[in-house]
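Engineer: First the structure, then my questions, so here it is.
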Amino acid sequence: MRDVIIVGAGPGGSATAKHLSEKGYSVALYEKRQEIGAPKRCGEGISLGRVERLGLNPPKNCIRQKIDGAKIYAPSGKAVEIDYGKDSGYILERKMFDKWLAEEAARKGAFVQAKTYIKDVVRERGRVSGVKGESCSEKFEEKSKILVAADGVESKISRVAGLNTTCNPLLIDSGVQFEMAGIEIEDPKKIHLYFGNKIAPRGYLWIFPKGKDVANVGIGIIGNCTIPAIDYLKKFVENKEELKKGSILEVNAGSIPVGGFLKKMTLDNFLIVGDAAYQVNPIHGGGIYEAQFAGRIAAEVIDEALQKKNTSDKQLNKYNIEWWKQRGNSLRKIEKLREVVENLSDEDFNYLADKLTGEDLVNFTRGNSLVTLAKLLLKRPHLIKLAKALF
Amino acid sequence: MFKWNKNKCLRCGGCISVCPNDALELTEHGIVRDEKKCINCGICELFCPVGAIKVKKNENK
Ligand SMILES: Cc1cc2nc3c(=O)[nH]c(=O)nc-3n(C[C@H](O)[C@H](O)[C@H](O)COP(=O)(O)OP(=O)(O)OC[C@H]3O[C@@H](n4cnc5c(N)ncnc54)[C@H](O)[C@@H]3O)c2cc1C
């Protein structure tokens, strides 16, 4: 009997496991893949501020490139530059990073096991009380006081446990990425983001440099597009001199939640962490930080519940409350911004690129100063309705 | 009809994340569809980032 079983060794699962093991609980962390962290489904960008806020000190081999800023391209080609400050962002090597996070959990005492697929939950008097799975093709069953689903966007465990987490499919972007080498990057200390309905409908296309001639070149688009995301990506690469002759070292794909946060992420003896609960920044799709931050909140709530010997839904509801207070409300504001951005035409983008500074954009992605944007939108009659959503 | 192209598929699980009826699963053998649950809505086909799924919609709908 474990105190806690966690399904999925992504950043969310490993963070939850680490914090709980640190507190002395008996924790098992199961991952279906044979290698934690691979293949990656990620552009690998995170800001230094976020890494520090998580209290992480990742080893050098987890960090591929330090970033000073961003260049955001309107469909017209006009770029707005953002200065984040020297070395204030990282492009990670997720394979190393995710494995290091799992290592940290193991170091604190968690039992981590790869190639272990969790198929179902075990129930006792109707309540979730453990898991059924297959580890290296051997079937097993294990009990726990609490079960945490950190199994990513394709989360099955929440649904099996009895929480209907199905969201509007239009709140998930379809993403695909090439890790490219032998390319030219105009400014490898900056991330490059391209907007426009012909380039990336609803989403954006990114170049995240991992060195001076290596980068993640990826795209996220609305999920109901009749042209697959990979075709948009190929077109962009083919039309760009600097990329065209490059090699492709990896092809990655995945879903990127852009909203649809859950009010209720708990049941008796059960809660959800990370992508499985759509905890992602809806404007840029970043979830490495969100998953780990939620993992920390989850660990605190679980600690209290286990100490009180009360793991009921009512007790675990603290997780819903705390997550919404600390993250949900501000992410919800950012979701509103995304709702506005997805309705902009290429012309609107070009207009905004002329009016906005890099600093404005940084503020917006944090959910701040949205009134500035609203005021600009109000000047375009067809955007008045959208602007109102921001006040 | 549900056709899954195993050579195109990157096993990213995207189709599973958007399936409104929980009809898909990613197993060692690839994407497996539960015929009883599938409602032929075609959302997975549109979503798939690499175009690895083809669904023929219910003609009488
Ligand atoms: C194309 C793309 C680009 C992205 N770029 C960025 C970026 O630049 N920056 C950023 O911050 N975020 C980015 N993200 C988002 C980020 O990758 C995720 O938000 C993050 O990985 C979420 O962490 P998680 O632990 O919740 O889930 P995941 O990392 O998805 O981990 C879930 C784990 O659970 C395992 N699992 C699932 N089901 C089971 C089961 N039944 N049994 C056992 N194990 C199971 C999976 O194999 C997986 O390893 C991107 C996403 C995509 C798709």
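Engineer: Which of the numbered conditions does residue A:151 fail, given that it passes all the others? Conditions: (1) more than 14 Å from the ligand (Cβ to nearest atom); (2) of a type outside the set (Phe, Trp, Tyr); (3) part of a loop (DSSP other than H, G, I, E, B).
Structural biologist: It fails just one condition, (1).
Engineer: Oh, and also: Considering only helices (runs of 4 or more DSSP H) fully contained in the stretch A:319-373, which possess at least 1 residues that are basic (Lys, Arg) and modelled with pLDDT of 90 or more?
Structural biologist: Numbers: elements: A:329-341, A:346-355, A:358-365.
Where helices (runs of 4 or more DSSP H) fall fully within the stretch A:319-373 and carry at least 1 residues being basic (Lys, Arg) and modelled with pLDDT of 90 or more, they are A:329-341, A:346-355.
Engineer: Check residue A:180 against each of (1) within 18 Å of residue A:250 (Cα to Cα); (2) part of a helix (DSSP H, G or I); (3) not charged (D, E, K, R) and name the one condition it does not meet.
Structural biologist: Tallying (1) within 18 Å of residue A:250 (Cα to Cα); (2) part of a helix (DSSP H, G or I); (3) not charged (D, E, K, R), residue A:180 fails exactly one: (2).
Engineer: Follow-up question, since we're still on this one. Check off (1) crowded, with 17+ Cβ neighbours inside 10 Å; (2) within 21 Å of residue A:162 (Cβ to Cβ) for residue B:36 and give me the number that stays unchecked.
Structural biologist: (1)
Engineer: If you go through the stretch A:154-168 one residue at a time, how many are within 16 Å of residue A:257 (Cα to Cα) and near the ligand (Cβ under 10 Å from one of its atoms)?
Structural biologist: Total satisfying the criteria: 3.
Engineer: Wholly within chain B, which strands (runs of 3 or more DSSP E) include no fewer than the required count, namely at least 1 residues that are within 16 Å of the ligand (Cβ to nearest atom), more than 8 Å from chain A (Cβ to nearest Cβ) and touching a Lys or Arg at 6+ places or on another chain (Cβ under 9 Å)? Full working, then the answer.
Structural biologist: Working: elements: B:2-4, B:24-27, B:30-33, B:53-55.
Qualifying strands (runs of 3 or more DSSP E): B:24-27, B:30-33.
Engineer: Same structure again: Would you call residue A:216 of a type in the set (S, T, N, Q), within 20 Å of the chain's Cα centre (by Cα) and more than 12 Å from every other protein chain (Cβ to nearest Cβ)? Please lay out each step first, then the result.
Structural biologist: Numbers: of a type in the set (S, T, N, Q): yes; within 20 Å of the chain's Cα centre (by Cα): yes; more than 12 Å from every other protein chain (Cβ to nearest Cβ): yes.
Spelling it out, residue A:216 is indeed of a type in the set (S, T, N, Q), within 20 Å of the chain's Cα centre (by Cα) and more than 12 Å from every other protein chain (Cβ to nearest Cβ).
Engineer: Of all residues in the stretch A:252-297 being acidic (Asp, Glu) and near the ligand (Cβ under 8 Å from one of its atoms), which is nearest to the other protein chains (Cβ to nearest Cβ)? Before the answer, list the steps.
Structural biologist: Keep residues of the stretch A:252-297 that are acidic (Asp, Glu), which gives A:268, A:275, A:290.
Narrowing the set further to residues that are near the ligand (Cβ under 8 Å from one of its atoms) leaves A:275, A:290.
Details: A:275: 9, A:290: 16 Å.
It comes out as A:275.
For every residue, the table says whether it meets (1) within 22 Å of the chain's Cα centre (by Cα); (2) within 14 Å of chain B (Cβ to nearest Cβ); (3) within 24 Å of residue A:361 (Cβ to Cβ).
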position: A:173; (1), (2), (3): yes, yes, yes
position: A:181; (1), (2), (3): no, no, no
position: A:184; (1), (2), (3): no, no, no
position: A:192; (1), (2), (3): yes, no, yes
position: A:224; (1), (2), (3): yes, yes, no
position: A:231; (1), (2), (3): no, yes, no
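Engineer: A further question follows. For the subset of the stretch A:147-166 comprising residues that are out of contact with any Leu (no Cβ under 7 Å at 6 or more places or on another chain), closer than 16 Å to residue A:266 by Cα and β-branched (Val, Ile, Thr), which member is farthest from the other protein chains (Cβ to nearest Cβ)?
Structural biologist: A:157
Engineer: Please work out if residue A:175 is among the small types (Gly, Ala, Ser) and touching a Phe, Trp or Tyr at 6+ places or on another chain (Cβ under 7 Å). Steps first, answer last, please.
Structural biologist: Numbers: among the small types (Gly, Ala, Ser): yes; touching a Phe, Trp or Tyr at 6+ places or on another chain (Cβ under 7 Å): no.
Judged against the criteria, residue A:175 is not a match.
Engineer: A further question on this structure: Residues to consider are A:144, A:155; find the one that is closer than 29 Å to residue A:125 by Cα, in contact with a Ser or Thr (Cβ under 9 Å, 6 or more places away or on another chain) and modelled with pLDDT under 95.
Structural biologist: On the way: A:144 fails: modelled with pLDDT under 95.
After applying the criteria, what remains is A:155.
The values are calculated or read from the model by the stated rules, or taken from the named source; none is laboratory data. Keep in mind that what you see is a predicted model, and the values were worked out from it rather than measured. When we count neighbours, we look across all protein chains shown, and the Cβ atoms used for this are built from the backbone with ideal geometry, even at glycine.
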